[in-house]
Amino acid sequence: MGNYVPNTLEEQEAMLGLIGMKSSEDLFVQVPKGVRLNREFDIPSSKSEMEVSRIMTSMAEKNKIFKTIFRGAGAYRHYIPSIVKQITSKEEFITSYTPYQAEISQGVLQSIFEYQTMICELTGMDVSNASVYDGATAAAEAIIMSVERKRNKAIISETVDPQILETIKTYCKSLDIEVVVAGASNGVTDLANLEKLLDEETACLLLQQPNFYGQLEDAEKIGRLVAEKGAKYIISSNPISLGILKTPAEYGADIAVGEGQPFGIPLSFGGPYLGFMATKEKLMRKLPGRIVGETTDNQGRRAFVLTLQAREQHIRREKASSNICSNQALCAMTAAVYLDAMGERGLKQAAELSMAKAHYLARLLCEIDGFNIIYKGEFFNEFVTSSPINVDKLMKILEDRGILGGYPLANDKILWCATEVNTKEEIHKLIDILKEVAV
Amino acid sequence: MKLIFEKGSTGRGCDLLPPSDVPVINLEDKFKRQSKLNLPNVSETELSRHYTELMKKTFGVNDGFYPLGSCTMKYNPKINDDMAKLPGFTDIHPLQSEETTQGALEVMALAEEYLCEITGMDNMSFQPAAGAHGEFTGLQLIKAYHEKRGDSKRDKIIVPDSAHGTNPASAAMVGYKVINVPSTNEGYVDVDALRDAVGEDTAGFMLTNPNTLGLFEANILEITNIIHQAGGLNYYDGANLNAIMGIARPGDMGFDVVHLNLHKTFSTPHGGGGPGSGPVGCKLLLSDYLPSPRVIKGAEGSYHLSYDNPDSIGRVKAFYGNFLVVVRALTYILSLGKEGLKHASINAVLNANYMMHQLKDTYHIPFSDHCMHEFIISLEDLKKEKGVSALDVAKAMLDYGMHPPTMYFPLNVPEALMVEPTETESKETLDEAVRVYKKIYEEVTSNPELAHGYPRNTVIGRPDEVGAARNPVLRYVYNK
């Protein structure tokens, strides 16, 4: 009973006696009778570790693990190096608190500082925070950060991940920030339409590169349009792609955000992941969330601390730049170790392999009757095809053969994805099955 | 210590991925990265040792006593982490079909059922990723409720002056104005001041109970009733739930919506600052506004994700929340069961009272008759008489291998140290902490000039925080 309470009942009684109490009831004299729960909880009795392990394992086994996955749409399976899992399993990292006491938290603080550095390197930005909840909330926070007194309109490209758009709408609604969706044509942001929407009241434009359909946007030209109106340019990227694709800074972005999950974090049914968020120096003091800085200790030695805290809720309360009071520290460390292990060469290779496999898959799919690439522009590792048969039916067939197919966008539209973990054999197996069912 | 960027050399690295078995694609120049990508060039040996060195400079719950008030740094059971590593949980895609994720949906449905029973709520969403995110979500529910009723003039959220900083910050993020109400000298919400503060513009009231002074609000039913009478709703900040599991439930105290911190009360590890999980539970009158999608149980016993929630506030995050944290919390609840949860709260309160009792003749404890799971020390007199601050005393504790209590919170107590021992500490640990706290008191009173020099035995001394904020160095720069 109370599995993790070390003191025995006898010891507890002795402690109660020492403080002048007769029974544990005396501990709760402050709790008024009217709110007492005078019954047991209606939940099962305590169990041994072995029993609990069995129950949880049986639930885990009710989920189907697909050996082969061709689905992304915001969560990606990449290879996770063994060193990543080992390092992030260290108890000190797992069980420590937010590093407020710098003298005994240099390990966590330095790892966040290294994470911030690598996010800046990847995105071309000057300053990164210590991470936020996920890519969707990072985008929402970036929009709030961009709003000014006379600029209250946020334009979001229709080609942004719909879950990110939904999250943004929730955040913006209560702050009375106007959200306008800029339409798309041929799977990319419609520039003519965007130009009409951009005005002097526009706070920002959010673009996703590569976008939700995997397409590469003309992000450079869009950046020029946004800059002409003096609005902030926010780019959300798949961080793996930044190994080979232009950085948000190279496109003229003011804020770079994205979902950090591809960096060593398993799919995990959607979480925990991490949102990365970086910006230019001029916006540094508007950036929400934890930030770690380098300084020296009282003997001149290198030291790291949480800094620029004047932005934060525990100092500023209702005037804070955000209510966030944590980061996804262990996920940020995971991302950092992943990048340490991969290095420039490894990350480039992961990006090139993902792109190559997706293109190979696309080429073979197009050879099957009824599967056509819908958007014709350049793409990274995701693309959309038509489907000759009902998508749900098709997915069921693939499921039964141990394959998680692309993500159904409509009855006859599929968003496919490939990464470096997909082998040529897997792709051919998929194609063979599709050929069977398409006829 | 060197940064990872200062180790290794060009050409070093790990051999992780195979060569391509399909043709490589030539990327158009207009999309190609121009700038050099600087990342570490280290061997696996160097990388492994780098992090072992960082590990040794990190203090976790497994290293020692960690009585951070309001943070509930209880022991993190290892089976929780083991269960969260099961491939059936880690290797499933969030957009897999319902038929292939029944186990994951069952985890969320069971956790919802148990946590609703523990808090006295009717429904719960696991989408919020942390406590502050839960506050944001819970307040959105309150806002949606008033809007749905056409009650548009309610634009104020009332918080006590002892509230966590996130409470007013979250209210502001939801577009509310914040009204602070004072506490009485005894440390409770000032009921008369609250009565004066409410009105037709009151949207809601946020409170944690026991409050941040470690006291159970004696007039809790009167307080929540005042808000309800004024047409507002009551929000329960779950930070201090660890004191009352099986004793009293927010739902029976008049609260309409709660957020929980699974990383506090339900023993999931803090990970150096996250990931946590801040589920939001509510009474039926708010259920329709919960984030979408929701997990529902079908008649035939299977589980579904329902996206048909027309009154929902929408999404607050991609997918369904920090799922693996929920796995850990459910593991914990199953382990403790109904008896164990109550037993945990009893011992959390016992340990706090035991420690407070031993310290009250040495330190000034403003509310020392009785406490719940945490208590406050005020060093106001020591600061006035000897110039020794709460910070000085906290830093001295570092030299004894103990994590200090929460400092300078709550704001309505000067020079505060907030001590929350939790139930997972043994009597010997508490006795040792008491001995150290007393010894430090003796040291700083007899040699106050030495007090500013603590800590002396840690890997660094006190860092220059002012300098860090004045000249921010927030990243390493290659080839400076």
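The values are calculated or read from the model by the stated rules, or taken from the named source; none is laboratory data. In this text, all values refer to a predicted model and were calculated from it rather than measured experimentally. FYI the Cβ positions are ideal-geometry reconstructions off the backbone, even for glycines, and counts take in every protein chain you see. Note: areas computed on protein heavy atoms with side chains; ligands, DNA, RNA excluded. Shrake-Rupley method; radii C 1.70, N 1.55, O 1.52, S 1.80 Å.
Being at the interface with chain A (Cβ under 7 Å from one of its Cβ atoms), of a type in the set (G, A, S), closer than 12 Å to A:D340 by Cα and surrounded by fewer than 18 Cβ atoms within 10 Å (Cβ to Cβ) narrows it down to one of B:S48, B:S43, so name that one.
Values: B:S43 fails: at the interface with chain A (Cβ under 7 Å from one of its Cβ atoms).
It is B:S48.
Among (1) surrounded by fewer than 20 Cβ atoms within 10 Å (Cβ to Cβ); (2) in contact with a Leu (Cβ under 7 Å, 6 or more places away or on another chain); (3) not in a helix (DSSP H, G or I), there is one condition A:P6 misses while meeting the rest; what is its number?
(2)
Of the residues in region B:213-236, how many are open to solvent by less than 10 Å² (accessible area, probe 1.4 Å) and either touching a Cys at 6+ places or on another chain (Cβ under 6 Å) or closer than 25 Å to B:D155 by Cα (or both)?
Taking region B:213-236 as the starting set, the residues that turn out to be open to solvent by less than 10 Å² (accessible area, probe 1.4 Å) are B:213-217, B:220, B:223-224, B:227, B:232-236.
So of that shortlist, the ones also either touching a Cys at 6+ places or on another chain (Cβ under 6 Å) or closer than 25 Å to B:D155 by Cα (or both) come out as B:214, B:220, B:223-224, B:227, B:232-236.
So the answer is 10.
Output the number of the condition that B:R328 fails; it satisfies all remaining conditions of (1) within 21 Å of the chain's Cα centre (by Cα); (2) in the same structural domain as B:E443 (by TED's automatic domain parsing); (3) not aliphatic (A, V, I, L, M).
Unmet for B:R328, out of (1) within 21 Å of the chain's Cα centre (by Cα); (2) in the same structural domain as B:E443 (by TED's automatic domain parsing); (3) not aliphatic (A, V, I, L, M): (2).
Given the condition in contact with a Lys or Arg (Cβ under 6 Å, 6 or more places away or on another chain), open to solvent by less than 40 Å² (accessible area, probe 1.4 Å) and more than 10 Å from chain B (Cβ to nearest Cβ), answer yes or no: does some residue in region A:208-225 qualify?
Of the residues in region A:208-225, the ones in contact with a Lys or Arg (Cβ under 6 Å, 6 or more places away or on another chain) are none.
So far as region A:208-225 goes, no, none of its residues is in contact with a Lys or Arg (Cβ under 6 Å, 6 or more places away or on another chain), open to solvent by less than 40 Å² (accessible area, probe 1.4 Å) and more than 10 Å from chain B (Cβ to nearest Cβ).
With the checklist (1) open to solvent by 10 Å² or more (accessible area, probe 1.4 Å); (2) modelled with pLDDT of 95 or more; (3) in a loop (DSSP other than H, G, I, E, B) in hand, flag the one item A:F371 doesn't pass.
(1)
Scanning region A:238-275 for residues that are touching a Pro at 6+ places or on another chain (Cβ under 7 Å) and within 19 Å of A:T98 (Cβ to Cβ), which turns out surrounded by the most Cβ atoms within 10 Å (Cβ to Cβ)?
Checking each candidate, the answer is A:G260.
Among the residues of region B:439-464, count how many are among the β-branched types (V, I, T), at the interface with another protein chain (Cβ under 8 Å from one of its Cβ atoms) and in contact (Cβ under 8 Å) with a residue 40 or more places away in the chain. Let's see the steps before the verdict.
Looking only at region B:439-464, we keep the residues that are among the β-branched types (V, I, T), and these are B:440, B:444-445, B:458-460.
Filter once more, keeping what is at the interface with another protein chain (Cβ under 8 Å from one of its Cβ atoms): B:458-460.
With the extra rule that they be in contact (Cβ under 8 Å) with a residue 40 or more places away in the chain, the set shrinks to B:458-459.
Of the residues in region B:439-464, 2 are among the β-branched types (V, I, T), at the interface with another protein chain (Cβ under 8 Å from one of its Cβ atoms) and in contact (Cβ under 8 Å) with a residue 40 or more places away in the chain.
Could you check A:S321 against (1) of a type in the set (S, T, Y); (2) at pLDDT 95 or above; (3) open to solvent by 30 Å² or more (accessible area, probe 1.4 Å) and say which number it fails?
(2)
Could you check, for region A:172-182, whether at least one of its residues is without any contact (Cβ under 8 Å) to a residue 24 or more places away in the chain, of a type in the set (A, V, I, L, M, F, W, C) and more than 14 Å from chain B (Cβ to nearest Cβ)? Break it down into steps so the answer makes sense when it comes.
As a first pass, look at region A:172-182 and keep what is without any contact (Cβ under 8 Å) to a residue 24 or more places away in the chain: A:173-174.
From what's left, of a type in the set (A, V, I, L, M, F, W, C): none.
Among the residues of region A:172-182, not one is without any contact (Cβ under 8 Å) to a residue 24 or more places away in the chain, of a type in the set (A, V, I, L, M, F, W, C) and more than 14 Å from chain B (Cβ to nearest Cβ), which makes the answer no.
Show me the helices (runs of 4 or more DSSP H) entirely contained within region B:13-131 in which 1 or more residues are of a type in the set (F, W, Y). Reasoning before the result, please.
Details: elements: B:44-56, B:78-84, B:87-90, B:102-119.
Filter on region B:13-131 gives B:44-56, B:87-90, B:102-119.
If we only count helices (runs of 4 or more DSSP H) wholly inside region B:369-476, which ones have 1 or more residues that are small (G, A, S)? Show your work before the answer.
Numbers: elements: B:380-386, B:390-398, B:427-446, B:465-470.
Once the helices (runs of 4 or more DSSP H) in region B:369-476 are filtered for at least 1 residues that are small (G, A, S), what remains is B:390-398, B:427-446, B:465-470.
Quick check: anything in region A:137-157 within 14 Å of another protein chain (Cβ to nearest Cβ), in contact with a Leu (Cβ under 8 Å, 6 or more places away or on another chain), surrounded by fewer than 22 Cβ atoms within 10 Å (Cβ to Cβ) and not hydrophobic (A, V, I, L, M, F, W, C)?
No.
Listed residues A:L274, A:L267; which is touching a Gly at 6+ places or on another chain (Cβ under 7 Å), within 11 Å of chain B (Cβ to nearest Cβ) and of a type in the set (A, V, I, L, M, F, W, C)?
Numbers: A:L267 fails: touching a Gly at 6+ places or on another chain (Cβ under 7 Å).
None of the others qualify; the one that does is A:L274.
Scanning region B:409-438 for residues that are under 15 Å from B:H364 (Cα atoms) and free of Cβ contacts under 8 Å to residues at least 40 places away in the same chain, which turns out surrounded by the most Cβ atoms within 10 Å (Cβ to Cβ)?
The extreme case among them is B:E415.
Which condition does B:A396 not pass, out of (1) open to solvent by less than 30 Å² (accessible area, probe 1.4 Å); (2) free of Cβ contacts under 8 Å to residues at least 12 places away in the same chain; (3) among the small types (G, A, S), if it passes all the others?
That leaves (2) as the condition not met.
Taking into account only those residues within region A:42-65 that are among the hydroxyl-bearing types (S, T, Y) and not in a helix (DSSP H, G or I), which is farthest from the other protein chains (Cβ to nearest Cβ)? Break it down into steps so the answer makes sense when it comes.
Filtering region A:42-65 down to residues among the hydroxyl-bearing types (S, T, Y) leaves A:45-46, A:48, A:53, A:57-58.
Subsequent filtering for residues that are not in a helix (DSSP H, G or I) retains A:45-46, A:48.
Working: A:S45: 4, A:S46: 3, A:S48: 8 Å.
My answer is A:S48.
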